[in-house]
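The values are calculated or read from the model by the stated rules, or taken from the named source; none is laboratory data. What you see is a predicted model, and the numbers here were worked out from it, not measured in a lab. Cβ placement follows ideal geometry from the backbone for every residue including glycine, while neighbour counts extend to all protein chains displayed. Ligands, DNA and RNA are excluded from the accessible area calculation, which covers all protein heavy atoms including side chains. Shrake-Rupley method; radii C 1.70, N 1.55, O 1.52, S 1.80 Å.
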Amino acid sequence: MAKYEVQTVKNGGLEMDVANVGGAIMRLLVPDSKGKKADIVLGYKSPADYLRGKCYFGALIGRVCNRIASAKFELDGKVFKLDANDGKNSLHGGNFGFDKALWDMKPCSGDGWKGLALHYLSPDMESGYPGNLDVTVFYKLTDNAELAIEYFATADAPTICALTNHSYFNLSGGKSADILDHRIKINSGFYTACGAGLIPNGEIRSVEGTPFDLRKFKKIREGVESDNADIVAAGGGFDLNYALPNSGGGLAQAAVVYDPLSGRGMEVLTTEPGVQFYSGNFIRAEKGKDGKTYGRNAGFCLETQRWPNANANRHFPSVELRPEEVYSSTTIYRFAAM
């Protein structure tokens, strides 16, 4: 029988609960502008609930995050078939993605941080992916009120790999049932355009003159309430990958979000070339923790990532991982009053 567990980390004025199911961040307590802490992430009551959940609340996502067209990919001349769990496409690793895996968790600490080391060995052909993939993820709460997530993976055969965390944030900490009046800024002038099923079609478009232009702070509401065809196709909101300018691989700012009700601000920095901004368009009466039922736009996601459907678009940053390589990625969520 599976053993479910939750571990707690406290540091830098932050407090976090993590479940071994999916490595899910169940709670994240962050001070507001007056120093009062509140939970700013959506989630479920118990670890077992994350096995039944459909929204990927707080979970680690793999082997490949986001969507893969027609639930298949080609690697070294061979076609690998995946789970079609999003219409005819594959989403977030399939029916048994990393969000459903049981992760080993151990407390760890270092200079200026306290956290957890999470480990999972994904066996060869799990959910259709070749090779044994050995994954370690560090959740670190730093002395500077940051949540840092570091991802590492190696494989014993050629495969594809793209990891992220799927936390939904509501910076109001319960003051508002939705995030529509949050202000957001995304440091990108381009996004990967999508066709049917929100699958990137290979085109990289400018945000200029569109609701997707978030280079200056805007209310999330302004985009969600637009009649733009791409907004409508995404369920009446944002669900797209922004192409980030940090091609050199170092940490760079991806986004900043501010909630005027609580005064909480969150800056996102990453080594990844993309970030998926999702405004919670498909949440429908999801029973969560603390007696809450989450509805549409109850939280937003900023999923740092390799670009979706990369194997079908060879000009996108590669998601291929070879046995001689080490997959690595870092994302930092930095909190402060604004």
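In table form, for the structure just shown:
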| quantity | calculated |
| --- | --- |
| Any hit, the range 244-253, residues being in a strand (DSSP E or B), touching a residue at least 60 places away in the same chain (Cβ under 8 Å) and more than 26 Å from SER172 (Cβ to Cβ) | yes |
| Lone unmet requirement of (1) in contact with a Lys or Arg (Cβ under 8 Å, 6 or more places away or on another chain); (2) open to solvent by 30 Å² or more (accessible area, probe 1.4 Å) for SER46 | (1) |
| Listing of strands (runs of 3 or more DSSP E) fully contained in the range 165-230 that carry 3 or more residues being out of contact with any His (no Cβ under 7 Å at 6 or more places or on another chain) and open to solvent by 30 Å² or more (accessible area, probe 1.4 Å) | 200-206 |
| Any hit, the range 322-335, residues being touching a helix residue (DSSP H, G or I) at 6+ places or on another chain (Cβ under 9 Å) and either open to solvent by less than 60 Å² (accessible area, probe 1.4 Å) or among the aromatic types (Phe, Trp, Tyr) (or both) | no |
| Within the range 131-147, tally of residues that are in a strand (DSSP E or B) and more than 14 Å from VAL30 (Cα to Cα) | 8 |
| Hits in the range 54-79 (condition: at positive phi and either open to solvent by 10 Å² or more (accessible area, probe 1.4 Å) or polar (S, T, N, Q) (or both)) | TYR56, ASN66, SER70, ASP76, GLY77 |
| Residues of the range 142-151 classified as open to solvent by 20 Å² or more (accessible area, probe 1.4 Å) and closer than 13 Å to THR271 by Cα, total | 1 |
| Scan of the range 4-23 for residues that are loosely packed, with under 15 Cβ neighbours inside 10 Å and in contact (Cβ under 8 Å) with a residue 12 or more places away in the chain, ordered by number | GLU5, LYS10 |
| Filter result for GLY93 (surrounded by 17 or more Cβ atoms within 10 Å (Cβ to Cβ), of a type in the set (Gly, Ala, Ser) and either touching a Lys or Arg at 6+ places or on another chain (Cβ under 6 Å) or at pLDDT below 95 (or both)) | yes |
| Any chance ILE186 is closer than 17 Å to ASN246 by Cα and at pLDDT 95 or above | yes |
| One residue from PHE80, PHE138, PHE57, PHE73 being touching a Pro at 6+ places or on another chain (Cβ under 7 Å) and of a type outside the set (S, T, N, Q) | PHE80 |
| Residue, farthest from SER172 (Cα to Cα), within the range 282-295, restricted to residues that are touching a helix residue (DSSP H, G or I) at 6+ places or on another chain (Cβ under 9 Å) and open to solvent by 10 Å² or more (accessible area, probe 1.4 Å) | LYS287 |
| Tally of residues being touching a residue at least 24 places away in the same chain (Cβ under 8 Å), under 26 Å from HIS119 (Cβ atoms), outside any loop (DSSP other than H, G, I, E, B) and of a type in the set (A, V, I, L, M, F, W, C) across the range 24-82 | 12 |
| Some residue of the range 289-296 being acidic (Asp, Glu) and at negative phi | no |
| Unique residue being under 25 Å from ASP143 (Cβ atoms) and either open to solvent by less than 10 Å² (accessible area, probe 1.4 Å) or assigned to a loop (DSSP other than H, G, I, E, B) (or both) when the list is VAL275, VAL257 | VAL257 |
